[in-house]
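Asker: Take this structure, written in structure tokens, and hold onto it; I'll ask about it next.
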């Protein structure tokens, strides 16, 4: 599923105020170049400063973009953006779609007049944060989603949450997801984190017990569903 269709899939369920069923999530997601650019920037800033950073993915009248990287701390990061949209007439039936982030012109797209909606919409799809590399002696490793991360997803209005390490991960909740991880589910995370940190394949059955759908992919390649 390309990122435009995935965005439409999420927005459809947002508008219905209902979470998708587990089986409705696609097997793979093709992320667009605009989003990949900021994902790679997120990784680079995190590697440089060794702090958590974050970006937010938006759907703006059918175009999916990522807002610029926000710096956090070694343990957490919060994002806040001010977005605005303007359609400027160009030649004949063509308009330039201008997207401003925090007052700065950040993206432009050429669109036909007939494709401009009556009521333009800016929709926040989900957040992507990073985990800095960890070191123990000569060993270097990345941590998986934490219990705080997953509980934050479950309690938020967003259906998904991204994580950047040396790859991109995506966790998505579904209709049967809980509002919070149980004690038993939290106990699963150290095992998953150990496998993730050592580069082992994650257990599908353990991921299923967390009550979320997970994706993983190398930078600028497709995200593959892993449970």
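Asker: Would you be able to say whether some residue in region 132-144 is in contact with a helix residue (DSSP H, G or I) (Cβ under 8 Å, 6 or more places away or on another chain) and closer than 23 Å to residue 12 by Cα?
Answerer: no
Asker: Here are the criteria: (1) loosely packed, with under 13 Cβ neighbours inside 10 Å; (2) more than 21 Å from the chain's Cα centre (by Cα); (3) more than 30 Å from residue 49 (Cβ to Cβ). Tell me which single one residue 137 does not satisfy.
Answerer: If we test residue 137 against (1) loosely packed, with under 13 Cβ neighbours inside 10 Å; (2) more than 21 Å from the chain's Cα centre (by Cα); (3) more than 30 Å from residue 49 (Cβ to Cβ), just (3) comes out false.
Asker: Right, here's the next one. Given the criterion over 18 Å from the mean Cα position of the chain (by Cα), closer than 30 Å to residue 165 by Cβ and modelled with pLDDT of 90 or more, identify the matching residue among 152, 106.
Answerer: Checking each option against the conditions leaves just 106.
Asker: Determine whether region 15-29 contains at least one residue that is over 23 Å from residue 221 (Cα atoms), without any contact (Cβ under 8 Å) to a residue 24 or more places away in the chain, over 13 Å from the mean Cα position of the chain (by Cα) and in a loop (DSSP other than H, G, I, E, B).
Answerer: Checking region 15-29: at least one residue is over 23 Å from residue 221 (Cα atoms), without any contact (Cβ under 8 Å) to a residue 24 or more places away in the chain, over 13 Å from the mean Cα position of the chain (by Cα) and in a loop (DSSP other than H, G, I, E, B).
Asker: Something else now. I'd like the full set of residues that are surrounded by 17 or more Cβ atoms within 10 Å (Cβ to Cβ), at negative phi and part of a loop (DSSP other than H, G, I, E, B), limited to region 197-225.
Answerer: Hits for region 197-225 are 202, 210.
Asker: Looking at region 69-82, can you tell me whether even one residue there is at pLDDT 95 or above, in a strand (DSSP E or B) and in contact with a strand residue (DSSP E or B) (Cβ under 6 Å, 6 or more places away or on another chain)?
Answerer: Taking every residue of region 69-82 in turn, none turns out to be at pLDDT 95 or above, in a strand (DSSP E or B) and in contact with a strand residue (DSSP E or B) (Cβ under 6 Å, 6 or more places away or on another chain).
Asker: Kindly check whether there is at least one residue in region 174-187 that is modelled with pLDDT of 95 or more, surrounded by 14 or more Cβ atoms within 10 Å (Cβ to Cβ) and farther than 30 Å from residue 88 by Cβ.
Answerer: Yes; the residues of region 174-187 include at least one that is modelled with pLDDT of 95 or more, surrounded by 14 or more Cβ atoms within 10 Å (Cβ to Cβ) and farther than 30 Å from residue 88 by Cβ.
Asker: Within region 143-164, count every residue that is assigned to a loop (DSSP other than H, G, I, E, B) and surrounded by fewer than 20 Cβ atoms within 10 Å (Cβ to Cβ).
Answerer: 5
Asker: Determine which member of the set 48, 119 is more than 17 Å from the chain's Cα centre (by Cα), surrounded by fewer than 11 Cβ atoms within 10 Å (Cβ to Cβ) and part of a loop (DSSP other than H, G, I, E, B).
Answerer: 119
The values are calculated or read from the model by the stated rules, or taken from the named source; none is laboratory data. Remember, it's a predicted structure, so these values are computed and weren't measured experimentally. Note that each Cβ is placed from the backbone with ideal geometry, even for glycine, and that neighbours are counted across all protein chains shown.
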